[in-house]
1. Kindly indicate whether any position in the range B:574-586 is open to solvent by 50 Å² or more (accessible area, probe 1.4 Å) and more than 10 Å from chain A (Cβ to nearest Cβ).
2. Just checking, which of B:36, B:55 is buried (at least 17 other Cβ atoms within 10 Å of the Cβ), in contact (Cβ under 8 Å) with a residue 40 or more places away in the chain and not assigned by TED's automatic domain parsing to the domain that holds residue B:97?
3. Report yes if some residue within the range B:454-463 is of a type in the set (Lys, Arg), more than 19 Å from residue B:496 (Cα to Cα) and crowded, with 24+ Cβ neighbours inside 10 Å; otherwise report no.
4. All but one of (1) surrounded by 15 or more Cβ atoms within 10 Å (Cβ to Cβ); (2) within 14 Å of chain C (Cβ to nearest Cβ); (3) within 30 Å of residue B:39 (Cα to Cα) hold for residue B:127; which doesn't?
5. Go through the range C:168-202 residue by residue and tally those that are closer than 20 Å to residue C:283 by Cβ and of a type in the set (Phe, Trp, Tyr).
6. Could you count how many residues in the range B:26-65 are within 13 Å of chain C (Cβ to nearest Cβ), among the β-branched types (Val, Ile, Thr) and under 25 Å from residue B:189 (Cα atoms)?
7. Assess whether residue B:208 counts as being in contact with a His (Cβ under 8 Å, 6 or more places away or on another chain), open to solvent by 10 Å² or more (accessible area, probe 1.4 Å), under 26 Å from residue C:333 (Cα atoms) and not basic (Lys, Arg).
8. Quick one: in the range B:89-108, of everything that is away from chain C (no Cβ under 14 Å) and under 30 Å from residue B:204 (Cβ atoms), which residue is surrounded by the most Cβ atoms within 10 Å (Cβ to Cβ)?
Amino acid sequence: MPRHGEGHESAHDKLKRAQTLEEILETALGFEATARDFYAELAGRVSKPLRELVEELAEEEKEHYRLFSELKANPDIAGALKELVERPAEDHRFSDFIQKPDLGEAPDDQAILQYALAREDAAAKQYAALAQSTPEGPVRDLFTHLAKEELAHKAELEKRYYEIVHSGGV
Amino acid sequence: MSDIAPKYKGSMLRPLKALSFLFREPATLPMRPRPAAKVYRGFHLNDWEKCVGCATCQQICDNDAIRMVHIPALPSDPAKGIRPRRPAIDYGRCCWCALCVDICPTGSLSMSREYIHVSRDVDSYFILPDEEGMHGVRYPQGWAKDENADLLDLKRQEMPEEPPQERADNFSEICEGYDPQTAMLEASRCIQCGMCHDACPAHMHAPEYIRAIFEGDFEKSVAEIYRTNPFPQVCGRVCTHRCETACSIGKRGEPVAIRWLKRAAVDNVPQDRTIAIALKDKAKTKTGKRVAIAGAGPAGLTAAFDLAKLGHEVTVYEEKPRPGGMMRYGIPEYRLPYERIDADIAVIEAAGVKIRCNTKLGRDVTMAQLKGQADAVLLSTGLNKGRSTRIPGSDHPQVRAAVDLLARITLGEAFDIPASAVVIGGGNVAFDIARSLARLQRRAFGKVEVTVLALEERDKMLADEEEVIESAQEGVKLINGRGPKQVVIEGDALKGLETVKCLSIFDEQGRFHPRYDETDVMFHPAQMVIEAIGQMSDVSFLGEDLTEQLEWSRGRIRIDEAGRTSVPWLWAAGDLVKGPDVISAIATGHAAAASIHAALMGETEAREAK
Amino acid sequence: MTTPQVPDPATLAPSEEYDLYFGPNHPGIEGNYSVRVRLKGDVICQAVADGGYLHRGFEKIMEDRLWVQNIALVPRICVPDPVPMEESYARAVEMIGGLEVPLRAQWIRVLMLELSRICAHLFTFGGNAATIGLYTNMFWGVTMRDLFLDIFEEITGARIYHIYITPGGVRRDLPEGVLERIEALLVELEERMPQFEDLFFNNAVVIDRATGTGRMSAEEALAWGVTGPNLRATGVASDVRRDDPYLVYPQVDFDIVTETGGDALARMMVRKGEVVQAVKIVRQAIAALRKVGGPVRCELPNPLAWDLPAGDAYARTESSKGELGFYIVSNGGPRPYRVHVRGASSMHAVQVLEKLLVGSRIEDVAQIMFSLDACPPEVDR
């Protein structure tokens, strides 16, 4: 079970139980907050060269939190969702072949990014699976939207991973 | 007139002959200008998209009629050899000989079939030709670039090479180099536009050293080279030649062989003369300042050379048994023989630089010790570790990093040569290890079984084209468009590598973001998997305190443009900050040395002023 | 050449002689030139040629230009007949540099030289006729020449300053169909020749005026350095194309036209004959160019990095005016060390003119100059 207590089963059940769009967003916000706090704590533990990277990851989770908060505060969430799910997300399937590492005492930049990628991938898959098993409607739209957001985030991290790992860091 | 001979007077009817002209078409020239011939040399046209502002037209013009005009809005790309200037022509001086058109390297200049301009305004005779024509009427093209009339030699002198069957099982140098005559012929192709100088990270004085070779003065060429580059033997063989990418002749033909010419210059001057030339500007007095440099690679040694010539006492610490860094331990001998590296380093040592090998920072000497015995410290330890894909199974002992294996081969350390191997990666390092391994396999087993697995398609590979071609001649297989999935292990033995198809590499913004099709899986049997995907640095020798003290950016030590870190006595250069390639290392080495010198002498001056 | 002094008339003794400044704006002068004549009545008793109006400093400028850059300068040395200039310069450089001109280029050069000869002579017919007062001939000559200039424009991109012949060959190959057009033009010229005959060469006025005018003997001509049609008009069958052949002239079949009169009429007749011969040569060149292919220029180094070996050479060409020679000295560098042009008219316009004018009448000055085809641009340079 991952460290931040966000067990796959319990999260899934939580989301399954949620009835309204606000409740779903509330739960999603909780996940983002946990991730943000995780990275913030990690930043204090890693050596200085890696601090900037981890702080950026924390920032990104904060930004996600902000986006989802805005969506939750929107009086017409369903209407807003209709537009957001128009364009389907593209999954490059890259991170399928990376194991989620155990971060241990002194992770390096590659390990941190692999971890982040695995997290985004898991989240995306989770929301996608939920979207599949939900009948058509605003709830399904919301899950699709959340999956898309995680996928987009994953894509950004993949690019960053490539820049750092595959080209000498230049 | 009465004595005119009758035969000239003719008959009385003679005047009637004039009647034959009555119905003849008169030869009248129309008032309107007649269309000019197809190769007419009329007013100039210039295709601004093709024009790169090289100013060769200005050079050939008989009458000084052409002046280059700087236009800030135009694209400027020194790496591609594009300048934001265009030729302006003074029609008071131009003689319409079209030599400018014939010599234009890009073929952007041509002449139209327009030939009339009448104006009392003298300034209107000074034009900036574009594709619209002098009066914007788009007359058809007249005299334009033609195979016969072209004044440039678009073909390069061939570099003689060892054929595959002779080189496939040994590490002797493949390229034989230009002899002096061939070098002079190749040097004569240069039109002295200077794009090479702009594109070079170290801004080498290439037009000057090429001109010296053309004049047959190889010593002068070496002098011009040493103004910016203390590694001519190395760069003359393995530089990434940004100069040739920017070369104007290369726009339509083969670029001037600027790299081979550098090699020809230094190959044809005896070593003792090279040392004398290189040390000509060495300071006569010592400054009393000491500099410690970590890492005897091109960056560290360039900085050492500059600082030693300025009179400082320089000591370089190198963890490996011999100096050279990636030049020696990363590049195989068939591309860069060790004795050539030694020759360049000998010149640097002749300047007074002390090199202590087998001395590892963090183990044999600490940063505190360096700081104690020097007034300035330069870190140029490079990217000495290989990255790993960390795919499942990649922690098996037979999964190796390319940079490690290449270093072992140079060190002469034996390792079990695998009968079959796959290399993950498509850059020069991947081919370096693949071709080195091929040679070792041929010696050990009599045959080659190495496969390079690159993400990129064949026409977009990151490695030099010559590497790809030559490796194929040596028996190395290449499979394009595949990414690593997992290492297959049975029990303790490594069986091979599974790959998936790579559908695309770059996203819409051009960022590196491969897309895979995980249903298309291939298995590549192998006894060893070698990863050549990228490199990283190990700066753990800095220690916790110094690491905290320094400022970092994107995982690297933060430096200013000259390489100075946030800690006042510490500089960084080489692959740690830029590149990775030799000429960038040299450029950063120069910058760091200049900054160190200014800092050290500034201190002295400040103290002396008190 | 001494500049004639202008004494104060009041100090002079009474005399029947007066000085007349003939030119440079005089329509009877071919090009910008002047002759100071001293007349007694209508007869000239002394003449001093006074040139220099067209001195542009070619020989010195060429020392400061690269070998290839100079091709743009040389055609301007003689305006009516620029091609021999280009040819002589190119050939001198080729001689020094050991360059071999491809066969096709040699035939093209012969074509250009002979077409240029025709143009120059057509120009001269007109000029010559004008000095006798027959202006119609001038328009005919210039018009016919204009059609030939169209051909030059088609081949080289320019009508007069072709800048086409370069050391090593020519700059471009012939365009499609130009050989047919030249053939058609030659036919037209041949149709015109009888008309020129009628109007000019068979004209009583012309015969009367030109006979005996400006007569020189063969000995005088040889002593004075006269070459070209002027020499051949005295009966000496001298022609550089036969005496010192160049290009593919040894393979070309043509006759050397001579007359014996040595006067203006003889010179005119020689030129008329040369046009006929030139047409014959052009026809042979066209036939050859239909068969001979290959490159039109040998390989040349980058013009910005071309050092010609040290040495010197004198290359001479039979231009419409005589022996046109280029003497070039190279000291192994990218530019000529010295270029000297032997303008064919150098002798004709200066010493020959001065000698022939003495004893002739004022109305014949222009005629004598034109009949000598003395071209000032190649005198002054």
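1. Going residue by residue through the range B:574-586, those that are open to solvent by 50 Å² or more (accessible area, probe 1.4 Å) are B:578, B:580.
From what's left, more than 10 Å from chain A (Cβ to nearest Cβ): none.
Checked the range B:574-586: no residue is open to solvent by 50 Å² or more (accessible area, probe 1.4 Å) and more than 10 Å from chain A (Cβ to nearest Cβ).
2. After ruling out the rest, the residue left standing is B:36.
3. For the range B:454-463, residues of a type in the set (Lys, Arg), more than 19 Å from residue B:496 (Cα to Cα) and crowded, with 24+ Cβ neighbours inside 10 Å: absent.
4. Just one mismatch for residue B:127, condition (2).
5. The number of residues fulfilling the criteria is 1.
6. Adding up the residues that qualify gives 2.
7. No: the conditions fail for residue B:208.
8. Step one: filter the range B:89-108 for residues away from chain C (no Cβ under 14 Å), giving B:89-92, B:106-108.
Remaining after also requiring under 30 Å from residue B:204 (Cβ atoms): B:106-108.
Details: B:106: 21, B:107: 17, B:108: 24.
Among those that are away from chain C (no Cβ under 14 Å) and under 30 Å from residue B:204 (Cβ atoms), it is B:108.
The values are calculated or read from the model by the stated rules, or taken from the named source; none is laboratory data. Since the model is a prediction, treat every value here as computed from it, not as a measurement. Positions of Cβ are generated from backbone atoms using ideal geometry, with glycine treated the same way; all protein chains shown enter the neighbour counts. The area values use the complete protein model at the heavy-atom level, side chains included, leaving out ligands, DNA and RNA. Shrake-Rupley method; radii C 1.70, N 1.55, O 1.52, S 1.80 Å.
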